[in-house]
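Working notes, structure below.
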Amino acid sequence: MTRISVTVDGVEYEDDVEPRLLLVHYLRDRLGLTGTPIGCDTSNCGACTVDLDGASVKSCSVLAVQADGCAITTIQGLAGPDGWHPLQRAFHELHGLQCGYCTPGMIMASRDLLRSNPDPTPDEVRHGLEGNLCRCTGYQNIVRAVIAAGAELRTGTASPDGAAAEGTSAGGSRPEVAV
Ligand code: FES
Ligand code: FES
């Protein structure tokens, strides 16, 4: 067993883990954070994507011991005190999901994409999310949602880490996006 210290969604944990334990299993089975799903056994689908020290990673391809000393954000830590992250709202309002299985990973990967490219084109969104598979939506509304959330973040109606700016409504109107 190896001792690790991690901060997950703002909470500090210390645990003894087997060196072979995958981060996704640590999050789900040890910490009970089942908002991060497992969608494949080949590291292909991206459903398990989380933020590890500022970069999105597939948590099924990272060992828990590799996260020692790191800060992790999962989909469950994304909402702020004022409500959902703009990406969460945009996916909801623009129907960027059907079964929702891919959605946690899509949103975490999209957050990383918007940090490096705050104003992506539809093609850039598709390219940025090519490591995340959706079996339901056909992707069109996912692309619309990411672009709409990017616009909201750029125009200052939400903070980069999610919460709507003071005075804005969590259910506010969305910019129209042509894809
Ligand atoms: S569960 Fe991690 S990529 Fe599919
Ligand atoms: S909404 Fe079902 S896999 Fe994407």
Checklist entry - Can you pull out the residues in segment 86-139 that are away from ligand 1 (no atom under 16 Å from the Cβ), buried (at least 19 other Cβ atoms within 10 Å of the Cβ), polar (S, T, N, Q) and closer than 18 Å to Gly39 by Cα? => result Thr137
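Scanning segment 44-56 for residues that are in a strand (DSSP E or B) and within 18 Å of Arg30 (Cβ to Cβ), which turns out nearest to ligand 1 (Cβ to nearest atom)?
Filtering segment 44-56 down to residues in a strand (DSSP E or B) leaves 49-52, 55-56.
Filter once more, keeping what is within 18 Å of Arg30 (Cβ to Cβ): 50, 52.
Details: Val50: 10, Leu52: 13 Å.
Looking at residues that are in a strand (DSSP E or B) and within 18 Å of Arg30 (Cβ to Cβ), I get Val50.
Going through segment 7-17 one residue at a time, which ones are in a strand (DSSP E or B) and surrounded by 13 or more Cβ atoms within 10 Å (Cβ to Cβ)?
Applying the first criterion (in a strand (DSSP E or B)) to segment 7-17 yields 7-8, 11-17.
Once the filter is applied, which keeps residues that are in a strand (DSSP E or B) and surrounded by 13 or more Cβ atoms within 10 Å (Cβ to Cβ), segment 7-17 yields Thr7, Val8, Tyr13, Asp15, Val17.
What are the residues in segment 19-31 that are of a type outside the set (Lys, Arg), surrounded by 13 or more Cβ atoms within 10 Å (Cβ to Cβ) and farther than 15 Å from Val57 by Cβ, if any? Please lay out each step first, then the result.
Initially, segment 19-31 is screened for residues of a type outside the set (Lys, Arg), giving 19, 21-27, 29, 31.
Cutting the leftovers down to surrounded by 13 or more Cβ atoms within 10 Å (Cβ to Cβ) gives us 21-27, 31.
The answer is Leu21, Leu31.
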Checklist entry - Has segment 75-85 got at least one residue that is at pLDDT 95 or above and within 16 Å of ligand 1 (Cβ to nearest atom)? => result yes
Checklist entry - All but one of (1) among the hydrophobic types (A, V, I, L, M, F, W, C); (2) part of a loop (DSSP other than H, G, I, E, B); (3) buried (at least 19 other Cβ atoms within 10 Å of the Cβ) hold for Cys40; which doesn't? => result (3)
Checklist entry - Which of (1) assigned to a loop (DSSP other than H, G, I, E, B); (2) of a type in the set (Gly, Ala, Ser); (3) touching a strand residue (DSSP E or B) at 6+ places or on another chain (Cβ under 9 Å) does Gly100 not meet, given it meets every other one? => result (3)
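Here is a yes/no grid of residues against (1) of a type in the set (Gly, Ala, Ser); (2) farther than 18 Å from Glu130 by Cβ:
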| position | (1), (2) |
| --- | --- |
| Thr49 | no, no |
| Thr73 | no, yes |
| Ala90 | yes, yes |
| His95 | no, yes |
| Ser110 | yes, no |
Next on the checklist: Yes or no: segment 73-81 includes at least one residue that is part of a loop (DSSP other than H, G, I, E, B), crowded, with 21+ Cβ neighbours inside 10 Å, within 16 Å of ligand 2 (Cβ to nearest atom) and of a type in the set (Ser, Thr, Tyr).
Outcome noted: no
Next on the checklist: Of everything in segment 41-54, what is touching a Gly at 6+ places or on another chain (Cβ under 9 Å) and either among the hydrophobic types (A, V, I, L, M, F, W, C) or within 15 Å of ligand 2 (Cβ to nearest atom) (or both)? Give them in sequence order.
Outcome noted: Asn44, Cys45, Gly46, Ala47, Cys48, Thr49, Val50
Item to check | Tally, over segment 59-113, of residues that are among the aromatic types (Phe, Trp, Tyr) and within 30 Å of Asp16 (Cα to Cα) | outcome: 1
Next on the checklist: Can you go through Arg3, Arg20, Arg28 and tell me which one is part of a loop (DSSP other than H, G, I, E, B) and modelled with pLDDT of 95 or more?
Outcome noted: Arg20
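The values are calculated or read from the model by the stated rules, or taken from the named source; none is laboratory data. As the structure is a computational prediction, the values presented were derived from the model and not from experiment. Note that we place each Cβ from the backbone using ideal geometry, even for glycine, and neighbour counts take in every protein chain shown.
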